[in-house]
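> Got a structure here, written out as structure tokens. Questions coming.
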Amino acid sequence: MFPPLFTALTLVCAPAGLAQDTSASPLDWWGDDSNRVAFVTAHGTAQRHPQLVVWAPTDSIDARWLTAFGDTLDKGLHDLRALVGGPYSWQRIGSRPVVFFFSPGRFVSHATGQDTVFISLNRIRRGEAPFLHEAAHELLTPKGPFFADEYPDSVEQDRRAAQFPQWLNEGLPDYLAQSVAKATGFPEGDVFEVGGLDKVDSTCAARLTSTSRRDEILAKIGGQGRLNALFTEERKVVAPTYYACSQSFTKYLVDRIGVKAVVGLFPEIPAAGWSGRIEKLAGEPIASLRRRWMDEVGIR
């Protein structure tokens with residue numbers, strides 16, 4: 001029916017392990033997820049479709065719109081699964097549906113790695129909800145342990161977090177979601193106003209030029225570890241550039257080695273084999289690929 005009331009969720013969007021940036025207050029948009037589940041299931045109803053289950057509070061959204069959109073979202077998820085390929089033996093979700101909780105409150109919409117995503121009703125009403133982006137996280141999550149906080153030893157958590165390619169973990173869901181939206185007209189939200197696949201390269205280059213965090217952000221694109229500022233109050237400062245450039249470099253890789261090959265990097269992440277796999281398929285080092293990408297999109 002729906003996931004248990006987690007006291008702590010394994011988050012796709014926030015791998016644990018690295019020390020937090022102490023210069024800004026950390027964000028905790030996932031800490032209230034168990035209460036969200038409790039509220040929505042107590043005061044809402046579920047719509048079931050072949051690819052998904054949607055929970056929403058009663059009277060929070062027009063019922064006729066929600067019924068029609070459930071069908072649209074189910075078709076979108078069908079198209080998303082087709083683009084990802086598979087099913088693959090490494091996928092954690094298997095053939096299970098994605099469970100969506102449309103929840104009140106101001107929070108960052110997010111996936112959990114447990115077949116479940118939380119979407120802010122505020123984003124839905126503004127037409128900015130990243131439905132397919134968050135669903136793509138669930139389709140791309142391999143069987144555990146995968147995220148740093150799924151390892152019991154804190155030293156191992158730090159090591160895993162330090163080598164985790166966060167740019168890929170955000171860039172590919174963005175690429176997949178925007179690809180489906182472009183091909184089918186699915187109403188995927190453009191949270192950071194990137195402009196879709198046709199504008200992602202120019203948006204990345206322009207934003208890098210205009211931000212004082214250029215070097216900090218660019219160092220993480222194609223590299224290891226997460227950008228800690230994304231998980232603090234500085235998120236609004238760095239996220240628009242980071243997400244645009246993560247998607248842009250991912251798009252460049254897809255053009256070089258194909259979307260199925262980039263999808264296939266995810267089960268390579270726990271053993272840190274993703275970078276070697278890219279280099280083997282592309283026939284050159286990642287540093288060289290990054291330089292070619294920067295030249296191609298006009299990053300100076």
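The values are calculated or read from the model by the stated rules, or taken from the named source; none is laboratory data. Quick caveat, the model's predicted, so the values are computed rather than measured. In this analysis, Cβ positions are derived from the backbone assuming ideal geometry, glycine residues included, and neighbour counts consider all displayed protein chains.
> Any residue that is surrounded by fewer than 19 Cβ atoms within 10 Å (Cβ to Cβ), at pLDDT 95 or above, of a type outside the set (S, T, N, Q) and farther than 21 Å from Trp30 by Cα - is there at least one of those in segment 222-238?
Yes: one or more hits.
> Considering only residues of segment 146-200 that are β-branched (Val, Ile, Thr), touching a helix residue (DSSP H, G or I) at 6+ places or on another chain (Cβ under 7 Å) and surrounded by 17 or more Cβ atoms within 10 Å (Cβ to Cβ), which is farthest from Arg226 (Cα to Cα)? First the steps, then the outcome.
Of segment 146-200, the ones β-branched (Val, Ile, Thr) are 155, 180, 184, 191, 194, 200.
Now restrict to residues that are touching a helix residue (DSSP H, G or I) at 6+ places or on another chain (Cβ under 7 Å): 180, 184, 194, 200.
The next check asks that each one be surrounded by 17 or more Cβ atoms within 10 Å (Cβ to Cβ); those that pass are 180, 194, 200.
Values: Val180: 26, Val194: 20, Val200: 21 Å.
Looking at residues that are β-branched (Val, Ile, Thr), touching a helix residue (DSSP H, G or I) at 6+ places or on another chain (Cβ under 7 Å) and surrounded by 17 or more Cβ atoms within 10 Å (Cβ to Cβ), I get Val180.
> If you check Val37 against the conditions, is it part of a strand (DSSP E or B), modelled with pLDDT of 95 or more and under 17 Å from Val117 (Cβ atoms)? It would help to see each step written out before you state the result.
Details: part of a strand (DSSP E or B): no; modelled with pLDDT of 95 or more: yes; under 17 Å from Val117 (Cβ atoms): yes.
For Val37, the condition - part of a strand (DSSP E or B), modelled with pLDDT of 95 or more and under 17 Å from Val117 (Cβ atoms) - is not met.
> Now a separate question. Would you pick out the residues in segment 251-291 that are free of Cβ contacts under 8 Å to residues at least 12 places away in the same chain and of a type in the set (Lys, Arg)?
Residues satisfying the conditions are Lys280, Arg291.
> Using the structure shown, decide if Gln114 is in contact with a helix residue (DSSP H, G or I) (Cβ under 9 Å, 6 or more places away or on another chain), of a type outside the set (Val, Ile, Thr) and surrounded by 20 or more Cβ atoms within 10 Å (Cβ to Cβ).
On the way: in contact with a helix residue (DSSP H, G or I) (Cβ under 9 Å, 6 or more places away or on another chain): yes; of a type outside the set (Val, Ile, Thr): yes; surrounded by 20 or more Cβ atoms within 10 Å (Cβ to Cβ): no.
When the stated conditions are applied, Gln114 does not pass them.
> Any chance segment 183-203 includes a residue that's more than 21 Å from Gly298 (Cα to Cα), part of a helix (DSSP H, G or I) and either among the β-branched types (Val, Ile, Thr) or under 15 Å from the mean Cα position of the chain (by Cα) (or both)?
Taking segment 183-203 first, the residues more than 21 Å from Gly298 (Cα to Cα) are 183-191.
Remaining after also requiring part of a helix (DSSP H, G or I): 183-184.
Narrowing further to those that are either among the β-branched types (Val, Ile, Thr) or under 15 Å from the mean Cα position of the chain (by Cα) (or both): 184.
For segment 183-203, residues more than 21 Å from Gly298 (Cα to Cα), part of a helix (DSSP H, G or I) and either among the β-branched types (Val, Ile, Thr) or under 15 Å from the mean Cα position of the chain (by Cα) (or both): present.
> Kindly evaluate Lys236 against the criterion of being of a type in the set (Lys, Arg) and assigned to a loop (DSSP other than H, G, I, E, B). Steps first, answer last, please.
Working: of a type in the set (Lys, Arg): yes; assigned to a loop (DSSP other than H, G, I, E, B): no.
Judged against the criteria, Lys236 is not a match.
> Return the residues of segment 99-111 that are surrounded by fewer than 21 Cβ atoms within 10 Å (Cβ to Cβ) and either touching a Pro at 6+ places or on another chain (Cβ under 8 Å) or among the β-branched types (Val, Ile, Thr) (or both); say none if nothing qualifies. Before the answer, list the steps.
The first filter runs over segment 99-111 and keeps only residues surrounded by fewer than 21 Cβ atoms within 10 Å (Cβ to Cβ), leaving 104-108.
The answer is Pro104, Val108.
> Can you name every one of the helices (runs of 4 or more DSSP H) wholly within segment 85-180 that holds 3 or more residues which are within 18 Å of Lys251 (Cα to Cα) and of a type outside the set (Phe, Trp, Tyr)?
Values: elements: 121-125, 131-140, 154-163.
So the answer is 131-140.
> Here are some conditions: (1) polar (S, T, N, Q); (2) surrounded by 15 or more Cβ atoms within 10 Å (Cβ to Cβ); (3) over 25 Å from Phe69 (Cβ atoms). Thr141 meets all but one. Which one does it not meet?
The number of the failed condition is (3).
> Which residues, counting only those in segment 204-233, are small (Gly, Ala, Ser), closer than 24 Å to Glu134 by Cα and part of a loop (DSSP other than H, G, I, E, B)?
Pass one, segment 204-233, residues small (Gly, Ala, Ser): 205-206, 210, 212, 219, 222-223, 225, 229.
From the residues that got through so far, the ones that are closer than 24 Å to Glu134 by Cα too are 222-223, 225, 229.
Of everything in segment 204-233, those that are small (Gly, Ala, Ser), closer than 24 Å to Glu134 by Cα and part of a loop (DSSP other than H, G, I, E, B) turn out to be Gly222, Gly223.
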